[in-house]
Amino acid sequence: MKKVIEASTAVALGVKLCNPAVIPMYPITPQTHIVERLADYINDGLLKSEMIHVESEHSAISAALGSEATGVRTFTATASQGLALMHEILFVVAGMRLPVVMAVANRALSAPINIWNDQQDSISERDTGWIQLYVESAQEALDTIIQAYKIAENRKVLLPVMVCLDGFTLSHVYEPVDIPEKKDVDKFLPKYNPLFKLNPEKPVTMGPIGFPNTYMEFRKATHEAMLNAIDIIKNANNDFKKSFNRSYGNGLIETYKINDAEYAVATMGTACSTTRIVVDELRKQGKKVGLIKIKSFRPFPKQEIISCCQNIKGIAVIDRNISLGNEGALLTEFKSAFYNQNKKPIINGFIAGLGGRDITPDHIKTAFKKIETSNNSEWLL
Amino acid sequence: MTKPKISVGAVIEEPGSTIKNKTGGWRSFRPVIDQKKCIKCGTCWKFCPDNAIKKNKKGEFEINYDYCKGCGICAKECPVKAIKMVKEEK
């Protein structure tokens with residue numbers, strides 16, 4: 001069924017189709033519409049989830065942890081300061097290998113206070129052990145929520161997933177969305193069967209101390225689960241294509257007109273859509289350009305990026321975040337991916353679209369123009 | 001320390017396993033009960049955060065030094081000051 005809906009509604013519908021048993025929720029702009037829609041569904045009897053009103057995001061993620069530990073599917077959503085407040089517990093959820101799925105409506109961090117879009121919030125949670133998938137459209141947001149549970153709950157992964165969508169720029173945008181049928185989603189996403197759960201009949205201890213003689217082994221196991229996710233994300237994307245006839249590149253990255261391209265822009269989220277338009281325009285002028293959209297920031301698909309860039313002379317990485325004192329986070333990742341390669345493209349970075357500043361076609365044209373001349377992180381103000 | 005089995009997410013499937021980790025070695029002061037002063041009120045038993053105080057058959061409170069970490073709460077709470085914290089020496 002095709003409908004014109006807000007991307008936040010698309011996320012909520014995706015969640016509804018996955019039937020989480022528990023949804024702890026705390027509102028924060030620009031995420032609020034997601035939990036509002038879910039509250040509506042529960043109120044209208046369309047969704048049987050238990051909604052928990054909590055007093056902060058720290059509590060929301062803690063409640064999600066507890067719920068998931070009892071062996072049931074759980075969802076929550078947040079943004080910006082809310083995600084920052086969750087920081088401590090994000091590590092705990094990942095370390096306890098609890099496959100919570102959370103939507104993040106990407107927003108800038110204070111100060112100065114700013115409610116608008118950039119990706120600093122989720123980028124700053126890079127090392128928490130959460131899989132991070134960045135989406136570009138309302139359709140991709142809905143589809144990725146469904147895939148996120150499939151990835152997270154896979155026994156080779158068992159890690160939480162953040163589905164990141166640009167605040168306002170996507171979260172509040174209305175687009176036509178094909179809403180999958182419940183019976184097809186049920187076929188794609190089997191009932192959650194937890195490896196361990198809190199059960200008084202068969203008690204287990206969760207979250208114990210890890211002494212120096214085991215802590216590193218647990219961290220290594222979690223890292224390996226994250227690496228396993230590379231294949232599992234690809235599989236989820238392929239299976240999704242078989243069931244719903246839609247896919248997003250290979251699930252990890254998506255390219256546009258890259259095969260004969262000499263220069264490419266690499267970025268994440270809604271800026272990819274703008275880049276596609278610029279690519280088409282520059283192609284009409286005979287310029288061999290393309291787009292590399294990074295969907296999976298964690299795990300970072302190094303190998304996939306290297307393979308698609310064999311004939312690329314230069315890459316402009318556009319970051320909607322900044323690691324103050326160094327450069328954009330995606331730029332660092334790109335340079336690191338190619339460091340040990342014999343053949344490597346010129347890689348330069350651009351900081352754009354912070355705190356709700358639009359990333360315009362002109363910004364992207366500037367990035368293409370300056371691929372070979374720019375000096376590391378240039379600001380597209 | 002022996003290397004325990006690495007489970008997914010550090011889940012311990014066998015209940016009551018904390019008993020295997022004797023934590024008395026963490027102690028730098030040991031609580032010593034003066035049974036003559038003790039009025040057997042059970043305050044120390046109630047407050048011990050490690051469940052390391054037990055009542056024996058004679059009705060006396062005893063400290064299990066395998067698990068007592070020497071936090072001193074029992075000594076602080078004892079209403080008749082019957083518990084002294086004595087420095088551990090090798």
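The values are calculated or read from the model by the stated rules, or taken from the named source; none is laboratory data. In this text, all values refer to a predicted model and were calculated from it rather than measured experimentally. Heads up, the Cβs are rebuilt from the backbone with ideal geometry, glycines too, and the neighbour counts pull from every protein chain shown.
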Just to be sure before I move on: is B:Ile6 within 14 Å of chain A (Cβ to nearest Cβ) and assigned to a loop (DSSP other than H, G, I, E, B) in the structure I sent? yes
Only residues that are over 12 Å from the mean Cα position of the chain (by Cα) and either at pLDDT below 95 or crowded, with 24+ Cβ neighbours inside 10 Å (or both): list them for region A:121-141, please. A:Ala138
Please go through region B:9-45 and pick out each residue that is within 30 Å of A:Arg155 (Cα to Cα) and assigned to a strand (DSSP E or B). B:Ile12
Any idea which of A:Ile61, A:Ile89 is β-branched (Val, Ile, Thr) and within 20 Å of A:Ser171 (Cβ to Cβ)? A:Ile61
Take A:Leu13 and decide whether it is within 14 Å of chain B (Cβ to nearest Cβ) and in a helix (DSSP H, G or I). no
Check every one of the strands (runs of 3 or more DSSP E) wholly within region A:268-378 and list those with 2 or more residues that are farther than 30 Å from A:Glu224 by Cβ. A:289-294, A:314-319, A:346-351
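Conditions tested, residue by residue: (1) in a strand (DSSP E or B); (2) in contact with a strand residue (DSSP E or B) (Cβ under 6 Å, 6 or more places away or on another chain).
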| position | (1), (2) |
| --- | --- |
| A:Lys48 | no, no |
| A:Ala60 | no, yes |
| A:Ala63 | no, yes |
| A:Ser67 | no, yes |
| A:Thr76 | yes, yes |
| A:Gly82 | no, no |
| A:Asp118 | no, no |
Of these, A:Thr144, A:Thr222, A:Thr169, which one is within 14 Å of chain B (Cβ to nearest Cβ), among the hydroxyl-bearing types (Ser, Thr, Tyr) and either touching a residue at least 24 places away in the same chain (Cβ under 8 Å) or surrounded by 15 or more Cβ atoms within 10 Å (Cβ to Cβ) (or both)? A:Thr222
Go through region B:9-34 and count every residue that is more than 14 Å from chain A (Cβ to nearest Cβ) and surrounded by 12 or more Cβ atoms within 10 Å (Cβ to Cβ). 8
